[in-house]
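Engineer: First, the structure itself, so that you have it in front of you.
No value in this document is a laboratory result; all are computed from the given coordinates. Quick caveat, the model's predicted, so the values are computed rather than measured. All Cβ positions, even for glycine, are placed from backbone atoms using ideal geometry, and neighbour counts span all protein chains on display.
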Amino acid sequence: MKKVRKAVIPAAGLGTRFLPVTKSMPKEMLPIIDVPVIHFVVTEALASGVEDIIIITGRGKRAIEDYFDDAPELEMHLSSNGKEKYLQLVQEISAMADLHYIRQKEPKGLGHAVLQAEKHISGEPFAVLLGDDIIRNDNPCTRQLININEERSASVIAVEEVPPEMVSNYGIISGREEAPSLYRIDDIVEKPPVGEAPSNTGAIGRYVFTPEIFDCLKETPTGVGGEVQLTDAIRLLKGRQPVYAYKFKGRRYDTGSALGYLEAIIDAALEKDGLREDLLRYMGEVMRR
Ligand code: G1P
């Protein structure tokens, strides 16, 4: 079984939940204080041992490419003004990873976005990290999935229990527990209505796939929301080979929701030198209002 060396980060979505700011700014560039969400996602992929990252972009996503690119004018300015600390920061970002970009010409859904990477993946197992979630853990979530893929030579997706009223926002699985926290998927449904969900265990945006997922994506008709759904392709795949769901270890921030985004910012602020005390004082004030 080949090792997972490549990752796909779909970042072509329109970001409607964060309009109006996403009218002119990719949702993946929303800042957690001073670092965009996608920076954390790329860092997780690299920390998981991925060497080659494909970002699927679309119209209006140039800011992502600029962020990870060299910035000669800015670097010259910082260097001639003696701002060495910032210069180093900026240079580290552009040296971070081997990034490739593929454009999804039409917004036909997550499954269609992942399919755009097929040629680049060339028959290897690979990871998919959605640009909306930040997951923190010493052993990165994607690494946890890669370990399972290496053990079982199978696809595996990260899941967590979600509140029942939220199941209609997720791909929901049902399955049999084969090892602690590891389920063999019996069924997976994209955004089921509340009351029709097979469980409240939801896919949270981290996946490792065998390359057979591409054949399934090609056979997947448009589904919920008129889009080609990755979840529907996983449903086909699990009829052909075992697919696992793993209750990952770590703290997830759903930065695609306003509350999750704020939580990520507050936790980052609490860890930032010189900000913690002032923030706690302010929060105390807010609580007394
Ligand atoms: C996507 C997937 C869904 C998954 C979710 C996790 O939905 O289609 O299966 O549970 O990401 O965040 P989206 O949030 O893009 O609507």
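Engineer: Classify the range 214-260 from the C-alpha gyration tensor, please: rounded if a/c falls under 1.5, else prolate or oblate depending on whether a/b exceeds b/c.
Structural biologist: Oblate shape, in that a/c is at least 1.5 and b/c is the bigger or equal ratio.
Engineer: Specify the residue with the greatest mean-square fluctuation among TYR183, TYR170, TYR86, computed from a Gaussian network of the chain linking alpha-carbon atoms under 10 Å apart.
Structural biologist: Ranking TYR183, TYR170, TYR86 by mean-square fluctuation puts TYR86 first.
Engineer: Taking the Cα centre of the chain as origin, work out the dipole magnitude from +1 charges on Lys and Arg Cβ and -1 charges on Asp and Glu Cβ, in debye rounded to 20.
Structural biologist: 400 debye
Engineer: Taking only the C-alpha atoms, wrap a convex hull around the range 120-217 and report its volume per residue in Å³ as a whole number.
Structural biologist: Spelled out: Cα convex hull of the range 120-217, divided by residues, is 120 Å³.
Engineer: Could you calculate the contour length gain from ASP70 to SER153, that is, 0.36 nm times the residue separation minus the distance between their Cα atoms, to one decimal place in nm?
Structural biologist: 26.1 nm
Engineer: Same structure again: Tell me the mean residue ellipticity at 222 nm calculated for the chain from its helices only (DSSP H runs of n ≥ 4, each -39500 (n - 2.57), averaged over every residue, nearest 500).
Structural biologist: That calculation yields -10000 deg cm²/dmol at 222 nm.
Engineer: Expressed in nm², what is the orientationally averaged projection area of the convex hull enclosing the Cα positions of the chain?
Structural biologist: With the hull built on Cα positions only, its mean projection is 17.2 nm².
Engineer: Report the relative contact order of the range 20-65, percent, no decimals, based on alpha-carbon pairs under 8 angstrom and at least 6 residues apart.
Structural biologist: Rounded, it is 48 percent for the range 20-65.
Engineer: Next question. For an R0 of 25 angstrom, estimate the FRET efficiency from the Cβ-Cβ distance between SER257 and ASP187 and round to the nearest 0.05.
Structural biologist: 0.50
Engineer: Working out 0.36 nm times the residue gap between ILE266 and LYS83, then minus their Cα-Cα distance, what length gain in nm do you get to one decimal?
Structural biologist: 63.1 nm
Engineer: Output the relative contact order of the chain, whole-number percent, from Cα pairs under 8 angstrom with separation of 6+ residues.
Structural biologist: 21 percent
Engineer: Placing unit charges on C-beta atoms (Lys and Arg positive, Asp and Glu negative, everything else neutral), compute the dipole magnitude of the range 123-176 about its Cα centre in debye, rounded to 20.
Structural biologist: Charge dipole, the range 123-176, about its Cα centre: 140 debye, nearest 20.
Engineer: Could you name the lysines whose alpha carbon sits less than 30 Å from that of LYS119, not counting residues in the same chain fewer than 8 places away?
Structural biologist: LYS2, LYS3, LYS6, LYS27, LYS61, LYS105, LYS108, LYS191, LYS218, LYS238
Engineer: Please state the shape class of the range 1-104: rounded when a/c is under 1.5, otherwise prolate if a/b exceeds b/c and oblate if not, all from the C-alpha gyration tensor.
Structural biologist: Taking the square roots of the gyration eigenvalues as a ≥ b ≥ c, the range 1-104 is oblate.
Engineer: Still on this structure: For ARG5 and ARG240, compute 0.36 nm times the residue count separating them, minus their Cα-Cα distance, and round to one decimal in nm.
Structural biologist: The ARG5-ARG240 span can extend by a further 82.2 nm.
Engineer: Please sort by residue number the trypsin sites (Lys or Arg not before Pro) in the range 102-183 whose DSSP state is loop and whose Cβ has at most 13 other Cβ atoms within 10 Å.
Structural biologist: Answer in residue order: LYS105.
Engineer: Okay, next question. What is the magnitude of the charge dipole of the range 21-108 about its Cα centre, with +1 placed on the Cβ of each Lys and Arg, -1 on the Cβ of each Asp and Glu, and no other charges, expressed in debye to the nearest 20?
Structural biologist: 620 debye
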